[in-house]
1. If you scan the stretch 113-129, which residues turn out to be surrounded by fewer than 18 Cβ atoms within 10 Å (Cβ to Cβ), without any contact (Cβ under 8 Å) to a residue 60 or more places away in the chain and either assigned to a strand (DSSP E or B) or on the phi > 0 side of the Ramachandran plot (or both)?
2. Residues being over 21 Å from residue 166 (Cβ atoms) and assigned to a loop (DSSP other than H, G, I, E, B): count how many of those fall in the stretch 1-22.
3. Assuming residue 31 fulfils every condition listed in (1) modelled with pLDDT of 75 or more; (2) under 22 Å from residue 134 (Cβ atoms) apart from one, which condition is it?
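The values are calculated or read from the model by the stated rules, or taken from the named source; none is laboratory data. Bear in mind the structure is a predicted one, so any value in this text is a computation, not a measurement. Cβ atoms come from the backbone with ideal geometry, glycine included; neighbour counts cover every protein chain shown.
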């Protein structure tokens, strides 16, 4: 694992630790957004390492008629930020001077579960950002994008409005679920067995019906009474 991946993983773990301690919802939302951004960057870099590709892979654009000195190169982008509203997933891509490119050279190719951003001939380079396996389907017809100063903002219309996306892609969600399951397993292994049982009974009492609460209260009372009796016998 590269040094940058290790640094990112450390930042993510520390943010998650702070998130667990945060009490105010606004603070929790801010920390959650930052965790999502860093995890997106971590996954992109990890995929590039696995495929033995550089973070920005440069390859010539095939062209036979263009003189060699004018040949453009394609740069595959990995970094981006994202946020959401009730109607849209907003993807933010920073590219210096992208606002100077003609509108027809900045475009997206969309499917229900993927997006490609193309920026052609920016400083004699072509830029491409691909995001596959979106977490939820999007409405292609209602999606659009805008050029702004040094960045492009893509508005992916949600097919199911008012549904909050926990992650940008399926792979990010799968990665998060696996990590959380690992942490839960570690926590269970470290917990005192008696503490785990008490926690389970407490949860059953809080979520159970009246009969369940009565049975648990009775079991707790009898258990406490037995402890006192054993002490007296000694």
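1. 114, 116, 118, 120, 121, 123, 124, 125, 128
2. So in the stretch 1-22, the residues over 21 Å from residue 166 (Cβ atoms) come out as 1-7, 10.
Of the ones still in play, those that are also assigned to a loop (DSSP other than H, G, I, E, B) are 1-2.
Residues in the stretch 1-22 being over 21 Å from residue 166 (Cβ atoms) and assigned to a loop (DSSP other than H, G, I, E, B): 2 in total.
3. (2)
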